[in-house]
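*Asks:* Quick one: the structure is below, questions incoming.
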Amino acid sequence: MPSRLRAISLPFLIAAPLAGATARPLPAQQPDPHPAFTVGSATARRGEKATGVLAVPAGVDAALDIPVAVVHGARPGPVLAVVAGAHGTEYASILAAEALIQRLDAGKVRGTVIVVPLVNIPSFERMTPHLNPVDGKNMNRFYPGNPNGSQTERASAAITRAVVEPADHLIDMHGGDLDESLRPFSYWTVSGNAAQDSASKALVLAFGLDHIVVSRDRPRDPAASRYLENTATTRGKPSITVEAGYAGISTRADIDTLVAGVFGAMAQLKMLDRRATPVRRPVWLTGMLSVTSGVNGIFHPEVRRDQRVGKGTRLGRTTDYLGREIEVATSPADGIVLYVRPVPSMGKGETIAAIGVAGRP
């Protein structure tokens, strides 16, 4: 008898709602807000990967086609931009972005990843550190850009419009240029917006580099943001900058570190079905002190990257072209050598080393 009552009561409850109850219609399936995603000439539909270029038209100088890939996940979710190669001889970051394009599987991604693997093509092709040889400007110092300016300014404006504005989060990847022997580290920018700062802090921890520079002095004006990451930050988008690779050398370990970091950040953003594993005990660096040269000459480094130094420790010496010592550089504080100049060529005003000073974030 009990089994018979159960047998007839289930269809009864399904067929007839309780007296006085209002039947609720099943929610309609929401349309996909982004069935396709376009950046420049790259258009990808759901579950697809597409490549193309972000065209920077000619102006006072030459045009530029910046390569771009769009990985449009099979399921909706956040939009993450990953940009590398603002400095075209920071090779590890460029190779990591290239590897990322190959390794990302759109069918397993929730949301969209925009990858710009090489912004400064002239620097890469002419092996010019730091600057764009077309106009002599640093391609990470002129954001949000100017569509009527020189090539660097026009490229910055195009990236702001086509990459930063549609993104929810951004990772700007850098590394040790030809004249920088660098240990891996990242930057966390404090914007003053508590919710945004919490989200960007979670992102930088999930990326996994164990030394993190806390930046509190970045420009606050979106119209004069200067740096790529800061352009996203001043527009309310939690974003970070990361560095790996040294002196133009691209080790497999550094490339893999950057790729794994992006996957870690994607896990934190729920863009992948995997658990985020944030770094547990990072070294927070609340000061980053740059030591510059006062002379032209031949530089002889006396410390190595990642070395702990005390205030007054000799970082290196500079000689004239006959070998006579003309300057000795010392550390301005106790800290860690984030990078040091590994090449003999030294110009007045150029960087000798950067010292990270530990503190509370």
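*Asks:* Can you tell which of Leu322, Leu289, Leu209 shows the greatest fluctuation in a Gaussian network model of the chain with Cα springs below 10 Å?
*Replies:* Sorting by GNM fluctuation, first place goes to Leu322.
*Asks:* List the trypsin sites (Lys or Arg not before Pro) within segment 306-354 that DSSP assigns to loop and that have no more than 14 neighbouring Cβ atoms inside 10 Å. Kindly include the intermediate steps, with their values, before the conclusion.
*Replies:* Details: sites: Arg308, Lys311, Arg314, Arg317, Arg324, Lys348; in loops: Lys311, Arg324, Lys348.
When the trypsin sites (Lys or Arg not before Pro) of segment 306-354 are filtered for loop state and at most 14 Cβ neighbours within 10 Å, Lys311, Arg324, Lys348 remain.
*Asks:* What relative contact order, as a whole-number percentage, does segment 36-281 give when Cα pairs under 8 Å and 6 or more residues apart are counted?
*Replies:* Working: 655 pairs, mean separation 50.5, N = 246.
The value is 21 percent.
*Asks:* log10 I(q)/I(0), Debye, Cα-only segment 289-358, no solvent, q = 0.17 Å⁻¹?
*Replies:* For segment 289-358, the Cα-only Debye profile gives -0.51.
*Asks:* Which residue, Ser123, Ser93, Ser345, tops the fluctuation ranking in a GNM of the chain built on C-alpha contacts under 10 Å?
*Replies:* Ser345
*Asks:* Next up: Restricting to Cα pairs below 8 Å that are 6+ residues apart, what does the relative contact order work out to for segment 55-136? Please round to a whole percent. Working shown, then result.
*Replies:* Values: 163 pairs, mean separation 31.9, N = 82.
Normalised by residue count, the contact order of segment 55-136 is 39 percent.
*Asks:* Considering only Asp61, Asp179, Asp210, give the residue with the highest GNM mean-square fluctuation for the chain, with springs between Cα atoms whenever their separation is below 10 Å.
*Replies:* Of Asp61, Asp179, Asp210, the most mobile in the Gaussian network model is Asp61.
*Asks:* Calculate how steeply helix 2-15 sits against the longest principal axis of the alpha-carbon atoms of the chain, using the helix alpha-carbon long axis, and give the answer as 0 to 90 degrees to the nearest 10.
*Replies:* 70 degrees
*Asks:* Could you size up the charge dipole of the chain around its Cα centre, putting +1 on the beta carbon of Lys and Arg and -1 on that of Asp and Glu, and report it in debye to the nearest 20?
*Replies:* Values: 39 positive and 32 negative charges, 332 e Å.
The dipole magnitude comes to about 1600 debye.
*Asks:* Per residue of the chain, what 222 nm ellipticity follows from adding -39500 (n - 2.57) for every DSSP H run with n ≥ 4, rounded to the nearest 500?
*Replies:* Taking each H run of at least 4 residues, the total per residue is -6500 deg cm²/dmol.
*Asks:* Taking the Cα-to-Cβ direction at Leu289 and at Asn193 and moving 7 Å from each Cα, how far apart do the two end points lie in nm?
*Replies:* 3.4 nm
*Asks:* To the nearest 0.05, what FRET efficiency results for Arg304 and Glu48 with a Förster distance of 56 Å applied to their C-beta separation? Working shown, then result.
*Replies:* Details: r = 46 Å, r/R0 = 0.82.
With a Förster radius of 56 Å, E is 0.75.
*Asks:* On each of the three principal axes of the Cα atoms of the chain, give max minus min coordinate, whole Å, ordered largest first.
*Replies:* Here the Cα extents, ordered largest to smallest, are 106, 48, 37 Å.
*Asks:* With respect to the cross-link table entries Lys237/Lys311; Lys108/Lys137; Lys137/Lys237; Lys237/Lys348; Lys137/Lys270; Lys201/Lys348, which display a Cα-Cα separation exceeding 32 Å?
*Replies:* On the way: Lys237/Lys311 37 Å; Lys108/Lys137 39 Å; Lys137/Lys237 26 Å; Lys237/Lys348 38 Å; Lys137/Lys270 37 Å; Lys201/Lys348 36 Å.
Over 32 Å apart, Cα to Cα: Lys237/Lys311; Lys108/Lys137; Lys237/Lys348; Lys137/Lys270; Lys201/Lys348.
*Asks:* I would also like to ask the following. If one computes the Cα centroid of segment 328-361 and of segment 271-286, what distance in Å separates the two points?
*Replies:* 27 Å
*Asks:* Something else: Counting other Cβ atoms within 10 Å, which chymotrypsin sites (Phe, Trp or Tyr not before Pro) in segment 183-246 have at most 14 and lie in a DSSP loop? Intermediate results must be reported in sequence, preceding the final value.
*Replies:* Details: sites: Phe185, Tyr187, Trp188, Phe207, Tyr227, Tyr246; in loops: Tyr227.
Here no chymotrypsin sites (Phe, Trp or Tyr not before Pro) fit, given the DSSP loop and packing criteria.
Read the figures in this text as sums done on the coordinates, not as results from a lab. Just so you know, these numbers come straight off a predicted model, no measurement behind them. Because the Cβ atoms are built from the backbone with ideal geometry, glycine has one as well, and the counts that use them run over all protein chains shown.
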